[in-house]
Amino acid sequence: MRLAGKSALITGAGSGIGRATAELFAQEGASVAIVDLDPRSAETTAASIRSRGGTALAFEADVSSAEQTAGAVDSAAREFGRLDIVYNNAGVGSTGSVATATQENWDLCFDVNVKGTFLVSRAAIPHLEAAGGGSIVNQASVAALVGIEGFAAYCAAKGAVVSLTRSMAVDLAPSGIRVNAICPGTVYTPLMEPLMLERGEGDLELGLARTATKYPIGRLGNPSEIARAALFLASDEAGFVTGSIFTVDGGMTAQ
Ligand code: 1HS
């Protein structure tokens with residue numbers, strides 16, 4: 001029960017890593033705000049948590065919208081009476097190199113992955129400060145640390161998330177708010193499907209198999225393995241950890 005008495009807000013929690021983290025945080029005693037662009041998937045996650053005796057509420061929001069983001073964050077803090085933890089997990093992938101990427105895809109990648117992290121964090125800070133401090137976990141990626149073929153906008157955006165995390169950690173430390181980033185390796189979630197299909201020349205299983213060869217540990221990660229890293233960074237066990245860039249990547253960036 002490492003999060004007993006705390007409330008957490010997780011973006012992109014309708015599926016994948018966000019859903020796994022929401023379920024784990026609830027098991028650890030947190031009240032969890034499930035924020036997602038898709039209200040049905042958000043409610044599915046919230047209902048699953050409630051069915052197991054946990055406390056969860058679903059909120060529909062596009063994290064690239066300042067109005068929708070502030071609305072979801074303020075509503076969650078009001079409903080739960082406090083806000084202690086934010087996991088900026090919502091993200092989108094990208095397709096192509098600088099030579100082939102579209103401006104639309106580039107802009108969407110930065111609007112969600114970078115601006116979304118900024119907008120959610122900005123809305124949450126007053127609530128975290130009212131709670132006496134807290135923890136913000138930003139979802140970066142191994143793509144922030146190494147170049148990945150055909151993933152230019154995503155690499156650039158996640159690199160921005162790493163730098164933003166360090167800056168936020170310095171700015172927010174006096175408020176008792178710790179800020180850290182997780183750099184996951186490949187976990188098969190809907191976000192990864194386009195890249196996996198491209199890598200497998202239309203064959204998803206081939207793309208996943210080819211990707212696994214990039215990992216010394218010999219396999220891709222699963223959502224619960226990233227969720228456990230988020231739990232540590234969100235909890236008081238990480239009381240002296242801020243500004244860290246926490247790779248959870250099966251050794252991929254150690255090579
Ligand atoms: C999606 C996650 O942030 C990892 S980025 C893709 C890395 S890989 O598939 O090229 O190993």
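Kindly indicate which of A140, A160 is in contact with a Ser or Thr (Cβ under 8 Å, 6 or more places away or on another chain), within 14 Å of the ligand (Cβ to nearest atom) and in contact (Cβ under 8 Å) with a residue 24 or more places away in the chain. I'd like the intermediate steps shown before the answer.
On the way: A160 fails: in contact with a Ser or Thr (Cβ under 8 Å, 6 or more places away or on another chain).
None of the other options fit; the residue is A140.
Checking T211, T242 one by one, the residue that is at pLDDT 95 or above, assigned to a loop (DSSP other than H, G, I, E, B) and more than 14 Å from C183 (Cα to Cα) is T242 and no other.
A search for C-beta distances below 9 Å between a residue of the stretch 177-190 that is within 11 Å of A229 (Cβ to Cβ) and touching a residue at least 60 places away in the same chain (Cβ under 8 Å) and any residue that is among the acidic types (D, E) and within 16 Å of the ligand (Cβ to nearest atom), counting only pairs 6+ apart in sequence or on different chains, returns C183/D249; P184/E225; P184/D249. Identify all residues within the stretch 195-228 that are within 16 Å of F151 (Cβ to Cβ), surrounded by 18 or more Cβ atoms within 10 Å (Cβ to Cβ) and in contact (Cβ under 8 Å) with a residue 60 or more places away in the chain; write none if there are none. Once the filter is applied, which keeps residues that are within 16 Å of F151 (Cβ to Cβ), surrounded by 18 or more Cβ atoms within 10 Å (Cβ to Cβ) and in contact (Cβ under 8 Å) with a residue 60 or more places away in the chain, the stretch 195-228 yields only L195. Scanning the stretch 1-25 for residues that are under 19 Å from A124 (Cβ atoms), out of contact with any Pro (no Cβ under 9 Å at 6 or more places or on another chain) and outside any strand (DSSP E or B) yields L3, G5, K6, G12, A13, A22, F25.
Screening G150 on (1) touching a residue at least 60 places away in the same chain (Cβ under 8 Å); (2) within 12 Å of the ligand (Cβ to nearest atom); (3) in contact with a strand residue (DSSP E or B) (Cβ under 9 Å, 6 or more places away or on another chain) shows it passes everything except condition (1).
The values are calculated or read from the model by the stated rules, or taken from the named source; none is laboratory data. If you're wondering where the values come from, they're calculated on a predicted model, not measured in any experiment. Don't worry about glycine lacking a Cβ; one is built from the backbone with ideal geometry, like all the others, and counts go over all protein chains shown.
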